[in-house]
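Q: The structure that follows is given in the form of structure tokens.
The values are calculated or read from the model by the stated rules, or taken from the named source; none is laboratory data. What you are looking at is a predicted structure, and each value in this text was computed from that prediction instead of being measured. Here the Cβ positions follow ideal geometry from the backbone for every residue, glycine too, while neighbour counts run over all protein chains shown.
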Amino acid sequence: RHGGYDIRSAVVDHNVAFPRDALVAAAQIGRIGSVADRLWSFPGATSQGRLRKKAMPEWVERVRQAKVDVLLLVPV
């Protein structure tokens with residue numbers, strides 16, 4: 001359940017919320033380099049103060065450790 005939008009389509013197919021299969025297909029044909037082994041998600045409907053002060057620095061460090069070149073942020 002999500003107060004911001006109807007999640008039924010995303011429950012059936014996660015690619016509705018995050019286009020993982022399209023990214024993998026693009027990597028397979030050489031359109032992009034590769035897709036990271038780990039994909040992350042976190043809720044946007046949260047305390048902005050906590051997000052900015054605590055969660056975001058932790059996520060930045062995770063992305064740095066994964067040596068990600070490009071970060072795709074998908075609003076849902």
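Q: Out of all the residues in segment 1-22, which are over 22 Å from Ala55 (Cβ atoms) and at pLDDT below 85?
A: Listed by number, the list holds a single entry, Asp6.
Q: Going by what's in this entry, would Asp21 be described as part of a loop (DSSP other than H, G, I, E, B) and among the acidic types (Asp, Glu)?
A: Against the criterion (part of a loop (DSSP other than H, G, I, E, B) and among the acidic types (Asp, Glu)), Asp21 does not qualify.
Q: If you don't mind, there's one more thing I want to ask. Pick from segment 23-76 the residues that are more than 24 Å from Tyr5 (Cβ to Cβ) and polar (S, T, N, Q): which of them is modelled with the highest pLDDT?
A: Per the criteria, the residue is Gln28.
Q: Could you look through segment 33-52, keep only residues that are more than 13 Å from the chain's Cα centre (by Cα) and touching a residue at least 24 places away in the same chain (Cβ under 8 Å), and pick out the one that is surrounded by the most Cβ atoms within 10 Å (Cβ to Cβ)?
A: It comes out as Gly33.
Q: Taking Ala55 as the residue in question, decide whether it is assigned to a helix (DSSP H, G or I) and touching a residue at least 12 places away in the same chain (Cβ under 8 Å).
A: yes
Q: Within segment 59-68, count every residue that is surrounded by 10 or more Cβ atoms within 10 Å (Cβ to Cβ) and either assigned to a loop (DSSP other than H, G, I, E, B) or not aromatic (Phe, Trp, Tyr) (or both).
A: So the count comes out to 6.
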